[in-house]
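What follows is one structure encoded as structure tokens, with my remarks underneath.
The values are calculated or read from the model by the stated rules, or taken from the named source; none is laboratory data. None of the values given here were measured: they were computed from a predicted structure. Virtual Cβ from ideal backbone geometry, glycine too; neighbours counted across all protein chains shown.
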Amino acid sequence: MQTKRTDTLFSLLLALWCIASLLPAVGAALAGTGAPHDAVRTPQSPAKGGPERDAAVPPTQPPKQAPEREDRGFDVVLLMDSSGSMRKNDPHNYRKDAARLFISLLGEEDRVGIVSFGDTAKTLITLSQNTKENRGRLFSAVNAISSREFSTHIHDAVKKGYEELSSSKRKNRILLLLSDGKLTLGAKEKDEAARAELAALLPGLAKAQVKLYSVAFTDQSDAQLLENMAKATGGFFRFAKADRDVHVMFVSLFEKVKSPDSLPLEGEEFTVDKEVKEAVLLITRKPGTATILFDPFRKKNTPLHYAKNIQWFEAKTFDMITVKTPAPGRWKVKLSSSEGNRIFIATDLSLKSSFNRAFVVQGETVHLDAWLEKENSIITDRDFLEKVAFLAEATGPARGNPKIGLADAGAPPGGTYIGTLTAGAEGEYEVRIIAEGKTFKREKLVAFKASAPPVASPAERKREPDLSLKKKREPVEGASWEPVLVKFGLINVSLAAVISLGYLIGRFGRRRAKAETKAGKGQKR
């Protein structure tokens, strides 16, 4: 009897030891269902289910070299509304001036195509290199945009533009859409079918990394549709309240697309330093006024009489003044409007920022960063940077223009300055990032829109009352249950084997004890 108990106890201890040895494997298997404690989420891999991480999370070391020359070029297709409502909403064809301005601002490394849409979408000119030789053809295509169509086939325009860009192998591809109307085809069924087709197109654009930038023209346009289209493709949206504002919107889109270097305009004056090779002034003008430009020597330049190194294009609502090798010093320009004035420059001393967000959520804190580059290499010279002030100034729906100090990020090799801004109210924001030294000033203007957080529908709330709990339960992106199930199966098999082994050992022990007992009784007899 004592032997039977000893064998049974041994079997039980053996089973417990096997189970204890398997506990680490069980823990490792179960740990695979969640994020490992030491997992690090980078800005390029945002947490699944959360808002997209700001692409402008301050880098500790911005790229020392600018992208290769071939990567800087953009392929842009302008989608221009030619519906009959344009005769009323744009009687002076300001959108054509704005389109010509946009083309003029693009570089010779860029290509431009133009599509006119109304009852149908028509390609007026295929993607063409934006050279001086082609500029006349591009402008002629812009001039061919009419205002005679009856309906507004926005979906056809997007489809036609996408087809035009599909042959391009470039990384940077843009559709720029302007419309003063709604997607209307004359019948409810046709409208619904067109909207469904458009909704099906947008994911394809996003997947192909084709961004759609849109301008809603006047209150008659379907601004919400155009904004949603831009948001779905990672593009940008602007709203022009009046026809005279269209060129300002196009300039804003150009800044978003190309992120040009610029000089800050302080009142009516700006400072040109010796690093500036060319300056392009975009000056908004009120009716009946004329722009006057004074160089550092107070020499007067007008649209009728200007220096040999100046080119002057006078449109109905703005002037575009190009100054080759401008003289260093303090310049002055007589303004009739304080809105929409810009001074873009070509220079080897550039102010850079990685901030490129177009939409944020109300209440979100966005990260700003800035650094200076000389001939495409980041400046890290501490003696030089100590004499440079970095700051930002935000303009938004709230009152006031808060100034944001940009502090040295501190990480080697240095040269990066960072700060934060909270979008406390819904609406459009413009942020002027400024670097100012003793002999130069640089400005970078970035714009974005803050929208209210999406509200879940009653049906969605009913299906999932606690969305935060759902997020906690989600496995890490890329995690699979397959290895977990395999481990779990192996554990079960192992446990079954241990239990079976213990049972057999115990049974063998009982039989042995029984045999010994019988043998003992036989000897006594």
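Things worth noting here:
- Any chance residue 281 is modelled with pLDDT of 95 or more, closer than 30 Å to residue 179 by Cα and under 28 Å from the mean Cα position of the chain (by Cα): yes
- Candidates are the residues of the stretch 154-197 that are hydroxyl-bearing (Ser, Thr, Tyr) and in a loop (DSSP other than H, G, I, E, B); the one that is nearest to the chain's Cα centre (by Cα) is 168.
- Among the residues of the stretch 406-442, those identified as more than 28 Å from residue 248 (Cα to Cα) and part of a strand (DSSP E or B) are 407, 408, 417, 418.
- Selection from the stretch 385-425 of residues that are surrounded by 16 or more Cβ atoms within 10 Å (Cβ to Cβ) and farther than 18 Å from residue 264 by Cβ: 385, 396, 409, 414, 415, 416, 418, 421, 423
- Residue list for the stretch 143-153, restricted to those being outside any loop (DSSP other than H, G, I, E, B) and surrounded by 17 or more Cβ atoms within 10 Å (Cβ to Cβ): 149
- Among strands (runs of 3 or more DSSP E) entirely within the stretch 263-378, having at least 1 residues that are surrounded by 13 or more Cβ atoms within 10 Å (Cβ to Cβ) and without any contact (Cβ under 8 Å) to a residue 24 or more places away in the chain singles out 310-314.
- Test: residue 159 is out of contact with any Ser or Thr (no Cβ under 9 Å at 6 or more places or on another chain), more than 30 Å from residue 430 (Cβ to Cβ) and modelled with pLDDT of 95 or more: yes
- Those residues of the stretch 365-397 which are closer than 29 Å to residue 429 by Cβ and among the hydroxyl-bearing types (Ser, Thr, Tyr), in sequence order: 365, 395
- Residue check, residue 206 in a helix (DSSP H, G or I), among the small types (Gly, Ala, Ser) and over 18 Å from the mean Cα position of the chain (by Cα): no
- Sole exception among (1) among the hydrophobic types (A, V, I, L, M, F, W, C); (2) modelled with pLDDT under 55; (3) surrounded by 13 or more Cβ atoms within 10 Å (Cβ to Cβ) for residue 450, by number: (2)
- From 128, 140, residue being part of a helix (DSSP H, G or I) and surrounded by fewer than 23 Cβ atoms within 10 Å (Cβ to Cβ): 140
- Criterion: of a type outside the set (Lys, Arg) and either under 19 Å from residue 112 (Cβ atoms) or not assigned by TED's automatic domain parsing to the domain that holds residue 92 (or both) - qualifying residue of 167, 221: 167
- Hey, residue 211 out of contact with any strand residue (DSSP E or B) (no Cβ under 9 Å at 6 or more places or on another chain) and either over 30 Å from residue 450 (Cβ atoms) or surrounded by 15 or more Cβ atoms within 10 Å (Cβ to Cβ) (or both) or not: no
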